[in-house]
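Heads up, the thing below is written out as C-alpha coordinates.
The values are calculated or read from the model by the stated rules, or taken from the named source; none is laboratory data. What you are looking at is a predicted structure, and each value in this text was computed from that prediction instead of being measured. Please note: Cβ atoms are built from the backbone with ideal geometry, for glycine as well, and neighbour counts cover all protein chains shown. Please note that ligands, DNA and RNA were not included when accessible areas were found on the heavy atoms of the full protein model with its side chains. Shrake-Rupley method; radii C 1.70, N 1.55, O 1.52, S 1.80 Å.
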Amino acid sequence: MVKVPAHFKKFLKEEKFTLVQGRLFGRVDIYSNNNLTLRIVKDYNAFKSIEISSKIDTSRWLDLSILRSYSLGNDDYFDALDFEVGINFFIEYYKEICSLLDSNNYHSTVIKLRELAIKRSESEE
(Lines give C-alpha, C1' and ligand atoms only; values in the text may rest on other atoms or scores of the structure.)
Protein backbone atom coordinates (compact mmCIF):
# COMPACT_ATOMS: atom_id res chain seq x y z
CA MET A 1 0.00 0.00 0.00
CA VAL A 2 1.03 3.57 -0.65
CA LYS A 3 1.54 5.30 2.68
CA VAL A 4 -0.90 8.18 3.27
CA PRO A 5 -1.25 10.50 6.29
CA ALA A 6 -3.61 9.52 9.10
CA HIS A 7 -5.93 12.50 8.52
CA PHE A 8 -6.40 11.43 4.89
CA LYS A 9 -7.14 7.84 5.94
CA LYS A 10 -9.71 9.20 8.39
CA PHE A 11 -11.30 11.35 5.67
CA LEU A 12 -11.48 8.42 3.25
CA LYS A 13 -13.15 6.32 5.92
CA GLU A 14 -15.65 9.09 6.77
CA GLU A 15 -16.56 9.45 3.08
CA LYS A 16 -16.97 5.68 2.77
CA PHE A 17 -14.00 5.10 0.47
CA THR A 18 -12.77 1.53 0.49
CA LEU A 19 -9.52 0.12 -0.81
CA VAL A 20 -10.56 -1.61 -4.01
CA GLN A 21 -7.14 -2.61 -5.18
CA GLY A 22 -3.58 -2.32 -3.98
CA ARG A 23 -1.12 -3.44 -6.65
CA LEU A 24 2.24 -3.13 -8.35
CA PHE A 25 4.36 -3.82 -5.29
CA GLY A 26 2.51 -1.24 -3.23
CA ARG A 27 2.96 1.55 -5.77
CA VAL A 28 -0.68 1.99 -6.84
CA ASP A 29 -3.73 1.96 -4.57
CA ILE A 30 -7.29 2.45 -5.76
CA TYR A 31 -10.00 3.67 -3.41
CA SER A 32 -13.64 4.02 -4.34
CA ASN A 33 -16.95 5.22 -2.95
CA ASN A 34 -20.34 5.98 -4.50
CA ASN A 35 -19.07 9.23 -6.07
CA LEU A 36 -15.46 8.86 -7.11
CA THR A 37 -12.54 6.53 -7.55
CA LEU A 38 -9.06 7.64 -6.46
CA ARG A 39 -5.82 6.24 -7.78
CA ILE A 40 -2.88 7.01 -5.53
CA VAL A 41 0.41 6.39 -7.28
CA LYS A 42 3.95 6.31 -5.94
CA ASP A 43 6.52 6.33 -8.73
CA TYR A 44 10.02 4.86 -8.51
CA ASN A 45 11.39 8.21 -7.36
CA ALA A 46 8.94 8.13 -4.40
CA PHE A 47 6.85 10.96 -5.89
CA LYS A 48 3.20 10.44 -4.95
CA SER A 49 0.24 11.69 -6.96
CA ILE A 50 -3.55 11.43 -6.96
CA GLU A 51 -5.75 10.84 -9.97
CA ILE A 52 -9.54 10.88 -9.89
CA SER A 53 -12.12 9.01 -11.91
CA SER A 54 -15.84 9.72 -11.96
CA LYS A 55 -18.38 6.94 -11.73
CA ILE A 56 -19.66 8.20 -15.08
CA ASP A 57 -16.47 7.19 -16.89
CA THR A 58 -14.26 4.93 -14.83
CA SER A 59 -11.74 4.54 -17.64
CA ARG A 60 -10.75 8.23 -17.65
CA TRP A 61 -8.34 9.34 -14.94
CA LEU A 62 -8.07 13.05 -14.20
CA ASP A 63 -4.93 14.65 -12.80
CA LEU A 64 -5.68 16.32 -9.47
CA SER A 65 -3.32 19.23 -10.24
CA ILE A 66 -5.29 20.16 -13.36
CA LEU A 67 -8.60 19.69 -11.55
CA ARG A 68 -7.27 21.98 -8.82
CA SER A 69 -6.27 24.57 -11.40
CA TYR A 70 -9.74 24.48 -12.91
CA SER A 71 -11.53 24.52 -9.58
CA LEU A 72 -9.55 27.49 -8.27
CA GLY A 73 -9.61 29.29 -11.63
CA ASN A 74 -5.88 29.82 -11.52
CA ASP A 75 -3.22 28.90 -14.07
CA ASP A 76 -0.48 29.05 -11.43
CA TYR A 77 -1.25 25.50 -10.34
CA PHE A 78 -0.05 23.74 -13.47
CA ASP A 79 3.00 22.30 -11.80
CA ALA A 80 2.79 18.89 -10.21
CA LEU A 81 1.29 19.09 -6.75
CA ASP A 82 3.09 18.21 -3.59
CA PHE A 83 1.26 15.14 -2.28
CA GLU A 84 0.27 16.78 1.01
CA VAL A 85 -1.05 19.87 -0.81
CA GLY A 86 -3.05 17.58 -3.10
CA ILE A 87 -4.51 15.71 -0.14
CA ASN A 88 -5.49 18.93 1.62
CA PHE A 89 -7.09 20.30 -1.54
CA PHE A 90 -9.01 17.07 -2.08
CA ILE A 91 -10.33 17.09 1.48
CA GLU A 92 -11.24 20.78 1.47
CA TYR A 93 -12.87 20.76 -1.98
CA TYR A 94 -14.32 17.24 -1.93
CA LYS A 95 -17.96 18.33 -2.32
CA GLU A 96 -17.06 20.68 -5.19
CA ILE A 97 -15.02 17.94 -6.89
CA CYS A 98 -18.00 15.58 -6.61
CA SER A 99 -20.22 18.26 -8.14
CA LEU A 100 -17.78 18.94 -11.00
CA LEU A 101 -17.73 15.23 -11.82
CA ASP A 102 -21.43 14.41 -11.35
CA SER A 103 -23.73 13.55 -14.25
CA ASN A 104 -24.81 17.19 -14.74
CA ASN A 105 -21.30 18.64 -15.03
CA TYR A 106 -19.01 15.78 -16.01
CA HIS A 107 -18.76 16.35 -19.77
CA SER A 108 -18.29 20.13 -19.57
CA THR A 109 -15.70 19.67 -16.80
CA VAL A 110 -13.75 17.14 -18.88
CA ILE A 111 -13.73 19.51 -21.86
CA LYS A 112 -12.36 22.33 -19.69
CA LEU A 113 -9.76 20.02 -18.15
CA ARG A 114 -8.61 18.94 -21.61
CA GLU A 115 -8.20 22.59 -22.59
CA LEU A 116 -6.13 23.22 -19.45
CA ALA A 117 -4.02 20.11 -20.09
CA ILE A 118 -3.27 21.33 -23.62
CA LYS A 119 -2.41 24.77 -22.29
CA ARG A 120 -0.11 23.18 -19.69
CA SER A 121 1.67 21.04 -22.29
CA GLU A 122 2.16 24.07 -24.55
CA SER A 123 3.66 26.06 -21.69
CA GLU A 124 6.17 23.26 -21.02
CA GLU A 125 7.55 23.43 -24.57
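Between TYR106 and ASN34, what is the label-to-label distance in nm when each label sits 7 Å out along the Cα-to-Cβ direction?
Label-label distance for TYR106 and ASN34, simple model: 1.6 nm.
May I ask you to compute the full-extension gain from PHE11 to ASP82, defined as 0.36 nm times their residue separation minus their alpha-carbon distance, rounded to one decimal in nm?
23.7 nm is the gain from fully extending PHE11 to ASP82.
Taking only C-alpha pairs under 8 Å that are 6+ residues apart, what is the relative contact order of the chain in percent?
On the way: 153 pairs, mean separation 20.5, N = 125.
This gives 16 percent for the chain.
How big is the accessible area of HIS7 in square angstrom, nearest 10, if you roll a 1.4 angstrom probe over the protein chains?
80 Å²
With label points built 7 Å along Cα→Cβ from the Cα atoms of ASP57 and ILE91, find their separation and express it in nm.
It works out to 3.0 nm between the two label points.
Around SER54, under 12 Å between beta carbons, what's the net of Lys plus Arg minus Asp minus Glu among the other residues? Could the numbers behind the result be given before it?
Details: positive: LYS55, ARG60; negative: GLU51, ASP57, ASP102.
For residues surrounding SER54, the net value is -1.
Do you know the Lys pair count in the chain for C-alpha distances under 25 Å, with sequence separation 8 or more or different chains?
29
Just to verify a number: what accessible area does LYS112 come out at with the full protein assembly present, 1.4 Å probe, Å² rounded to tens?
So the heavy atoms of LYS112 present about 90 Å² to solvent.
What value does the chain have for Rg/Rh, both radii from Cα atoms and Rh as Kirkwood defines it? Don't skip to the end; give the middle numbers.
Working: Rg = 14.1 Å, Rh = 14.9 Å.
Rg/Rh: 0.94.
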